[in-house]
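The values are calculated or read from the model by the stated rules, or taken from the named source; none is laboratory data. It should be emphasised that the depicted structure is a prediction, and the values quoted were computed from it without experimental measurement. All Cβ positions, even for glycine, are placed from backbone atoms using ideal geometry, and neighbour counts span all protein chains on display.
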Amino acid sequence: MARVRRIRSASMRGKEYRIRWKRPPPVMTPDGRPQLVDGMCQAPLSKNPEIWIAPDLPTIRMMWALLHESGHACMWDIDEEAVDETAESQTALLIRAGFTLV
Ligand SMILES: [Zn+2]
């Protein structure tokens with residue numbers, strides 16, 4: 001399990017988000033099957049928007065999930081694939097640059 005600070009809020013492009021360390025409910029795949037997800041982000045125009053992150057993720061996966069969900073918060077109009085690829089690239093970059101979580 002990741003050893004990270006369980007921050008409770010974050011400012012995303014000036015919008016205050018509540019951070020909840022809780023696994024989101026499963027989402028339905030296009031063929032109607034429930035699928036577990038690592039995080040979710042509510043639209044920035046929502047009242048009191050939230051980002052949820054599953055608390056039981058390994059460290060690197062949790063970093064990816066935070067980058068991914070904060071990517072949605074900051075760039076709500078960007079599609080899922082672009083947000084996903086961006087989070088993957090940023091995670092690889094931070095690991096390659098030697099960032100570690102103690
Ligand atoms: Zn996403």
Next on the checklist: Looking at segment 67-82 only, could you name the residues that are touching a residue at least 60 places away in the same chain (Cβ under 8 Å) and within 11 Å of the ligand (Cβ to nearest atom)?
Outcome noted: S70, A73
Checklist entry - Hey, among the residues in segment 30-77 that are aliphatic (A, V, I, L, M) and over 18 Å from R3 (Cβ atoms), which one's surrounded by the most Cβ atoms within 10 Å (Cβ to Cβ)? => result I51
Checklist entry - Among the residues of segment 62-74, is any modelled with pLDDT of 95 or more, in a loop (DSSP other than H, G, I, E, B) and either in contact with a helix residue (DSSP H, G or I) (Cβ under 8 Å, 6 or more places away or on another chain) or closer than 21 Å to G14 by Cβ (or both)? => result no
Checklist entry - Any idea which residue in segment 6-23 is surrounded by the fewest Cβ atoms within 10 Å (Cβ to Cβ), counting only those that are in contact with a strand residue (DSSP E or B) (Cβ under 7 Å, 6 or more places away or on another chain) and under 16 Å from G71 (Cβ atoms)? => result A10
